Amino acid sequence: MITVIGSLNMDLAVKMDVFPKQGETVLGDQFQTIPGGKGANQAVAAARLGSQVNMIGCVGTDDFGHTLRNVLQKEQIHTENLVTASVPTGIANILIYNNDNRIIVVPGANYELRPAHIEAAREIIQQSQMVIMQLEIPMETTNYALKLCKEANVPVLFNPAPAANFDIRWMEDITYITPNETECSLLFGNDFDEVLTRYPNKMILTLGSDGARFFDGEYPIHVPGYMTNAVDTTGAGDTFNGALAHALIEGQSLDEAVYFANIAASLSVEKFGAQGGMPTLGAVYARMGGFEE
Ligand code: RIB
């Protein structure tokens, strides 16, 4: 069983052919309101692959909040620890241009998730095989959750996004950390070889379509990505994290799990929306076997 402690956002996604300059107005191509948030996305990614998942988070009492709760329930994710607050549900303004995205998050209810809510979920956390966290909730809540996991001896997979909210002292309480190159430069430095050597079998540097790298204690390992035609890369990192947690609790070795997560992420970018393309276990195995489901 996996527990995700993190954010839920409604993604307001606009696809465009021309990116506006400062002060300019352009016409967009497509607009969609799609469930997202790094926490919810990672929960959905793991659940679609067959993991049992609990979500700890906070939404508002508005329509977005109701929709986000329902979406998780449809994915068979446990929402007993999904609390509500009388503030607007978090949103993410997503600009999709040139097969890449720029995201502005307004945390809203996500910032109402308090240490007391984590404490209330102590039992479920203690029973989890892995906890996944990101950085779209208050730092004091992340800090409390990490201490609780450490005390309960529950491994933590930490996705340090958005990087600005990270406290380097948390590294000793984290089992696996999955920065992308931007996050790694910001938090640990630009010399990726040196940084990875500092955190053997713990830091997995994600490289987008190039896959991921880690240091196994003896050798640097590069697990290549799977080349595909991306429609929307939003949520690719979240799919990677959810799939990595699923594979690790299933007993795969780190290199097998990273390969599995790369394949899952490659499938996720083929459809629009963060959760839209997240694959089932069958789809991942089909791609690994070289034939489609
Ligand atoms: O990682 C993608 C996610 O980041 C989006 O779904 C958005 O809500 C932001 O949290």
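No value in this document is a laboratory result; all are computed from the given coordinates. These figures come from a predicted structure and were not determined experimentally. Note: ideal-geometry Cβ built from the backbone for every residue, glycine included; neighbour counts use all protein chains shown.
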- Distance histogram for the stretch 170-293 (every C-alpha pair counted, 10 angstrom bins, percent rounded to whole numbers): 14, 45, 32, 9, 0
- Message: Given an 8 Å cut-off on Cα distances and at least 6 residues of separation, report the relative contact order of the stretch 72-122 as a percent.
- Response: 33 percent
- Query: Taking the Cα centre of the stretch 11-137 as the origin, how large is its charge dipole in debye, to the nearest 20, when only Lys and Arg (+1) and Asp and Glu (-1) carry charge on their Cβ atoms?
  - Reply: 180 debye
- Quote to one decimal, in nm, the extra length available between Ser253 and Leu186 on full extension: 0.36 nm per residue of separation minus the C-alpha distance between them. 21.3 nm
- Message: Given an 8 Å cut-off on Cα distances and at least 6 residues of separation, report the relative contact order of the stretch 1-99 as a percent.
- Response: 38 percent
- Item | Cα gyration tensor shape for the chain, rounded if a/c is under 1.5, else prolate or oblate | rounded
- Task: Show that you can apply the helix-only estimate: for the chain, add -39,500 (n - 2.57) for every DSSP H stretch of four or more residues, divide by all residues, and state [θ] at 222 nm to the nearest 500.
- Result: -10000 deg cm²/dmol
- Task: Using the structure shown, list the pairs from Lys15/Lys74; Lys150/Lys202; Lys202/Lys271; Lys74/Lys150; Lys21/Lys271; Lys38/Lys202 with a Cα-Cα distance above 23 Å, or answer none.
- Result: Lys15/Lys74; Lys202/Lys271; Lys74/Lys150; Lys21/Lys271
- Query: In the chain, with Lys and Arg counted as +1 and Asp and Glu as -1 at Cβ, which of these residues, Thr61, Ser268, Val131, has the Cα nearest the positive end of the dipole, that is, farthest along it?
  - Reply: Thr61
- Order these peptides, 268-277, 24-33, 168-177, 134-143, by their mean beta-carbon neighbour count within 10 angstrom, highest first. 268-277, 134-143, 168-177, 24-33
- Take the eigenvalues of the Cα gyration tensor for the stretch 47-91, scale each by 5, and report the square roots as semi-axes in whole Å, largest first. 20, 10, 7
- Remind me, relative contact order of the chain in percent, using alpha carbon pairs under 8 angstrom and six or more residues apart? 17 percent
- In Å, what is the Rg of the alpha-carbon atoms in the stretch 8-82, and how long is Dmax? 15.6, 47
- Query: Toward the positive end of the charge dipole of the chain, about the Cα centre and with charges on Cβ (Lys, Arg +1; Asp, Glu -1), which of Leu248, Tyr219, Leu72 goes farthest?
  - Reply: Leu72
- What size of dipole, in debye to the nearest 20, comes out for the chain about its Cα centre when the only charges are +1 on Lys and Arg C-beta atoms and -1 on Asp and Glu C-beta atoms? 420 debye
- Between Gly189, Asn159, Pro200, whose Cα lies farthest towards the positive end of the dipole of the stretch 149-223 when Lys and Arg beta carbons carry +1 and Asp and Glu beta carbons carry -1, centred on the Cα centre? Asn159
- Task: With only Lys, Arg, Asp and Glu charged, each at its Cβ (+1 for the first two, -1 for the last two), find how big the charge dipole of the stretch 143-293 is about the Cα centre; round to the nearest 20 debye.
- Result: 280 debye
- Which of rounded, prolate, oblate describes the stretch 86-242, given a ≥ b ≥ c as roots of the alpha-carbon gyration tensor eigenvalues and a/c under 1.5 marking rounded, otherwise prolate only if a/b is larger than b/c? oblate
